[in-house]
Amino acid sequence: MLDDPRSHGVWERTAPPAPETAPLAGSTSADVVIVGGGYTGLSAALHLAEAGVKAILLEAVEIGFGGAGRNVGLINGGMWTMPAELPGVLGPVYGERLLDTLGKAPLLVRELVEKHDIACQIEKNGTLHLAVGKGGLEEIRERCQQWSGRGADVEVLSAEETARRVGSSAYAGSLLDRRAGTLQPLAYARGLAKAAIAAGATIHTGSAVVSTERDGGRWLVKTANGSVSAGWIVVASEFYSTGPWEMVRNEQVLLPYFNFATAPLPEDIRRKILPGREGCWDTKEILSSFRMDQAGRLVFGSVGALRNTGLAIHRAWAKRSLRRIFPELGDIAFETEWYGHIGMTSNALPRFHRFAPNVVGFSGYNGRGIAPGTVIGSILSRHILGKVEEADLPLPVTDVKRIPLRNLKGAYYEAGAQITHLVGERF
Ligand SMILES: Cc1cc2nc3c(=O)[nH]c(=O)nc-3n(C[C@H](O)[C@H](O)[C@H](O)COP(=O)(O)OP(=O)(O)OC[C@H]3O[C@@H](n4cnc5c(N)ncnc54)[C@H](O)[C@@H]3O)c2cc1C
């Protein structure tokens with residue numbers, strides 16, 4: 001997008017076309033304006049339109065321009081945080097509620113894909129959280145115990161079973177999460193957009209919201225060439241926010257994350273590497289992730305930005321690592337490479353903000369937004385419809401709190417990933 005081959009990589013090349021949309025021009029009105037065309041905004045638009053509410057979604061660039069079109073495509077059930085920590089951080093009510101909401105979120109993704117016949121390469125064989133060494137094994141065992149205690153369909157697999165599923169003996173075991181899976185992230189976003197339009201929502205792309213003003217009991221939401229008068233505003237612009245809600249970035253530290261995709265692998269190799277197409281990531285602090293797309297491309301990623309010195313360092317590391325994990329790949333070439341920005345909050349959990357009367361939004365998915373964004377969009381729609389009280393949302397209202405030294409911390413992540421990938425790590 002925006003003629004940048006390193007923004008959306010293989011997803012842009014292989015996604016079905018986006019539905020036809022045009023920039024907002026002139027003035028109009030709606031019940032709800034949604035700001036941002038990622039999973040949160042699109043899911044909110046879809047669910048509101050299905051309930052008969054007039055919803056207009058304004059997207060600054062294109063559908064899926066933010067995280068939704070750049071990510072790995074792992075549909076996760078939960079956050080990074082250990083489940084048992086959430087009640088401690090959020091209190092017992094919100095902690096358990098958020099866990100329950102996020103745990104069920106992958107199911108909603110599956111249901112929406114099926115209901116709206118979204119062609120997004122969805123795979124339902126689960127994810128494998130790969131244990132690196134003894135410490136990794138202890139971590140996934142603990143995670144498994146905590147999730148199983150909450151009824152989640154998870155299981156620790158032995159090193160042998162992991163090797164059989166992954167096609168590599170590099171791991172000490174893995175946590176299989178059968179709730180989870182993978183999809184083509186941009187195709188999913190475009191499919192949600194198509195479904196939302198079919199349900200009656202209007203989507204304007206190339207329509208960055210630049211300002212808002214109070215207009216009696218309503219809001220006037222302005223873009224460069226138009227305005228919408230609406231009763232509610234859903235802020236779903238997340239880490240890629242520009243304009244009036246750019247401040248949500250202040251409570252997130254930038255964590256860059258890159259991916260490299262091979263060309264479709266030969267049939268014999270595809271029979272060995274991830275024949276079940278589970279999505280994978282490992283327990284290292286600077287983690288790696290990999291998954292297959294439907295055509296048999298291996299998508300391999302880790303922390304870092306493909307810019308300046310990072311480009312050559314991370315590319316060389318990715319080649320080395322793949323050769324180490326899957327020796328049969330040899331000196332593999334990459335067809336596409338891209339990176340995006342994940343926003344990490346101070347406690348690795350999302351936030352709910354009521355920015356002003358009838359102006360609400362969730363943000364801070366910490367690199368876990370496919371299922372959470374989808375479910376939160378639907379919950380926000382029910383909140384606006386009056387079916388879920390503010391006190392019954394999965395998170396309490398908080399103010400946007402700037403993270404001290406956030407730019408420095410972001411630079412540290414980027415430099416740290418380069419150093420690790422240059423010298424500190426064999427795979
Ligand atoms: C490299 C990478 C890998 C990731 N991997 C995974 C993964 O494997 N699994 C997972 O679950 N999550 C993953 N994530 C996180 C996930 O992509 C995000 O959490 C998710 O996209 C959030 O969805 P969203 O709709 O809230 O925001 P986004 O998808 O970021 O969408 C926000 C949209 O708002 C628009 N916008 C911003 N400002 C304005 C404005 N003023 N007016 C109008 N529109 C505006 C932006 O252009 C953007 O399109 C990853 C993210 C990245 C970057």
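The values are calculated or read from the model by the stated rules, or taken from the named source; none is laboratory data. From a predicted model like this one, the values you see are computed outputs, not experimental measurements. Virtual Cβ from ideal backbone geometry, glycine too; neighbours counted across all protein chains shown. Please note that ligands, DNA and RNA were not included when accessible areas were found on the heavy atoms of the full protein model with its side chains. Shrake-Rupley method; radii C 1.70, N 1.55, O 1.52, S 1.80 Å.
The figures follow:
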{"item": "Karplus 3J(HN,Hα) series, Hz, for region 62-73 with 6.51 cos²θ - 1.76 cosθ + 1.60 (x for Gly, Pro)", "result": "9, 4, x, 5, x, x, 4, x, 10, 7, 7, x"}
{"item": "Surface accessible to a 1.4 Å probe, TRP80 within the full protein complex, Å²", "result": "80"}
{"item": "Gain on full stretching of the segment that runs from THR242 to ARG307 - 0.36 nm per residue minus C-alpha separation", "result": "21.2 nm"}
{"item": "Cα-based convex hull, region 76-235, per residue volume (Å³, whole number)", "result": "176"}
{"item": "Radius of gyration, Dmax [region 64-158; alpha carbons; angstrom]", "result": "15.1, 43"}
{"item": "Percent breakdown of C-alpha pair distances by 5 Å bin, ordered from the shortest bin, for region 357-414", "result": "4, 14, 22, 20, 15, 11, 8, 5, 1"}
{"item": "Region 204-318 - Rg over Rh from alpha carbon coordinates, Kirkwood radius", "result": "1.17"}
{"item": "Cα lying deepest toward the dipole's positive end in region 128-246, options TRP147, ILE203, LEU175, charges on Cβ", "result": "ILE203"}
{"item": "Cα centroid separation - region 264-329 against region 162-184, whole Å", "result": "13"}
{"item": "Where VAL400, VAL109 fall by accessible area, highest first, once all protein chains stay in place (1.4 Å)", "result": "VAL400, VAL109"}
{"item": "Sequence-distant aspartates and glutamates (8 or more away, or on other chains) whose Cα lies within less than 18 Å of LYS222", "result": "ASP31, GLU59, GLU62, GLU213, GLU246"}
{"item": "³J(HN,Hα), Karplus 6.51/-1.76/1.60, whole Hz, each residue of region 155-167, x for Gly, Pro", "result": "7, 7, 9, 5, 4, 5, 5, 4, 4, 5, 6, 7, x"}
{"item": "Estimated FRET transfer efficiency (ALA391, ARG6; beta-carbon r; R0 41 Å; 0.05)", "result": "0.40"}
{"item": "Region 127-217: radius of gyration and largest Cα-Cα distance (Dmax), Å", "result": "21.6, 66"}
{"item": "Dipole moment magnitude, nearest 20 debye, the chain about Cα centre, only Lys, Arg, Asp, Glu C-beta charged", "result": "440"}
{"item": "Counted charge near LEU176, where neighbours are those whose Cβ lies closer than 11 Å (Asp, Glu -1; Lys, Arg +1)", "result": "-2"}
{"item": "Added length on full extension, which subtracts the Cα-Cα distance from 0.36 nm per residue, ARG402 to GLU20", "result": "133.7 nm"}
{"item": "At most 12 other Cβ within 10 Å, DSSP loop - GluC sites (Glu not before Pro), region 226-314", "result": "GLU285"}
{"item": "Length released on extending from SER27 to GLU111, taking residue separation times 0.36 nm less the Cα-Cα span", "result": "26.7 nm"}
{"item": "Mean separation of Cα contacts under 8 Å (6+ apart) over length of region 1-72, as relative contact order %", "result": "35"}
{"item": "Estimated inter-spin distance, ALA119 and ALA295, nm [label 7 Å along Cα→Cβ]", "result": "1.3"}
{"item": "Amide H within-cut-off set for GLY226, under 5 Å, with H built and near neighbours excluded", "result": "GLY26"}
{"item": "Filter on LYS115/LYS194; LYS104/LYS124; LYS124/LYS194 - keep pairs with C-alpha separation over 18 Å", "result": "LYS124/LYS194"}
{"item": "Region 94-115 and region 376-427: distance between their alpha carbon centers, rounded to Å", "result": "18"}
{"item": "List ARG249, ARG406, ordered by accessible area with a 1.4 Å probe, largest first", "result": "ARG249, ARG406"}
{"item": "Calculated from backbone phi, Karplus (6.51, -1.76, 1.60) coupling profile of region 108-120 in Hz, x at Gly/Pro", "result": "4, 4, 4, 5, 5, 4, 5, 4, 9, 6, 7, 7, 9"}
{"item": "For the chain, calculated [θ]222 nm from helices alone, where every DSSP H run of n ≥ 4 adds -39500 (n - 2.57)", "result": "-10500 deg cm²/dmol"}
{"item": "Mean Cβ count within 10 Å, highest first, over the residues of peptides 137-147, 62-72, 356-366", "result": "62-72, 356-366, 137-147"}
{"item": "10 Å-binned pair-distance histogram of the chain (Cα, whole percent)", "result": "5, 23, 33, 26, 11, 3, 0"}
{"item": "Approximate spin-label separation ASN225-SER148, in nm, with each point projected 7 Å along Cα-to-Cβ", "result": "5.8"}
{"item": "Percentage relative contact order, the chain, counting C-alpha pairs under 8 Å, at least six apart", "result": "24"}
